[in-house]
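Working notes, beginning with the structure itself.
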Amino acid sequence: MQSAACFTYGSLMWPDIMARVCGCEASELLHCRAWLSGHSRHPVLGQDYPGLVVRRGAAPLQGVLYRGLSPHHLQRLDAFEGQEYERVAVEVALEAPGASRAFATVAGGGATGAVEQAWVYRYRADLAHRLGPGDWSEQGFETQGKARFCATYMGFAQTHTP
């Protein structure tokens, strides 16, 4: 079985949510901070989650890279992300050795220059009109949107993989 990596930039940065979506325990997920260049993240109008779009010259976007994902995990992620997103291959810069895993407290930088291939779920270009201006707020999600998001999407853990 071949494993894969996935760069996350929104609700899936929280290991408890990622674990529910993948149908595993959070302790099974190998993750670290990583940065993606050439993209920007925006709130999806009326939702608690963001969408990622190509944006040349954009500052590197910090997120969480999950490694060791199985084909089963990717099938569940594909089903969860649905028709709004497309899974595409990207290169991400990895976190600095010994850096804290507390991604929400990072003030910037931290990439080592080491690069790794990963999947990312990018918002479909034909749906970009559904994205709001500005950056999606991790802190806003943590304090206001996460509980609402989990209540809305909690049932996904019980669904079957297509």
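The values are calculated or read from the model by the stated rules, or taken from the named source; none is laboratory data. If you're wondering where the values come from, they're calculated on a predicted model, not measured in any experiment. Note that we place each Cβ from the backbone using ideal geometry, even for glycine, and neighbour counts take in every protein chain shown.
At a glance:
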item: In the range 61-81, residue surrounded by the fewest Cβ atoms within 10 Å (Cβ to Cβ) [restricted to those that are under 12 Å from the mean Cα position of the chain (by Cα) and either in a loop (DSSP other than H, G, I, E, B) or not hydrophobic (A, V, I, L, M, F, W, C) (or both)]; result: E81
item: Residues of the range 94-127 satisfying the condition of being surrounded by 11 or more Cβ atoms within 10 Å (Cβ to Cβ) and modelled with pLDDT of 95 or more; result: Q117, A118, W119, V120, Y121, R122, Y123, R124, L127
item: Residue that is modelled with the lowest pLDDT, among those in the range 1-50 that are part of a loop (DSSP other than H, G, I, E, B) and among the charged types (D, E, K, R); result: E25
item: Per-region count, the range 1-45, residues in contact (Cβ under 8 Å) with a residue 40 or more places away in the chain and of a type in the set (G, A, S); result: 9
item: Residue check, V88 surrounded by 14 or more Cβ atoms within 10 Å (Cβ to Cβ), modelled with pLDDT of 90 or more and assigned to a strand (DSSP E or B); result: no
item: Subset tally (residues that are at pLDDT below 95, surrounded by 14 or more Cβ atoms within 10 Å (Cβ to Cβ) and hydrophobic (A, V, I, L, M, F, W, C)) for the range 51-60; result: 1
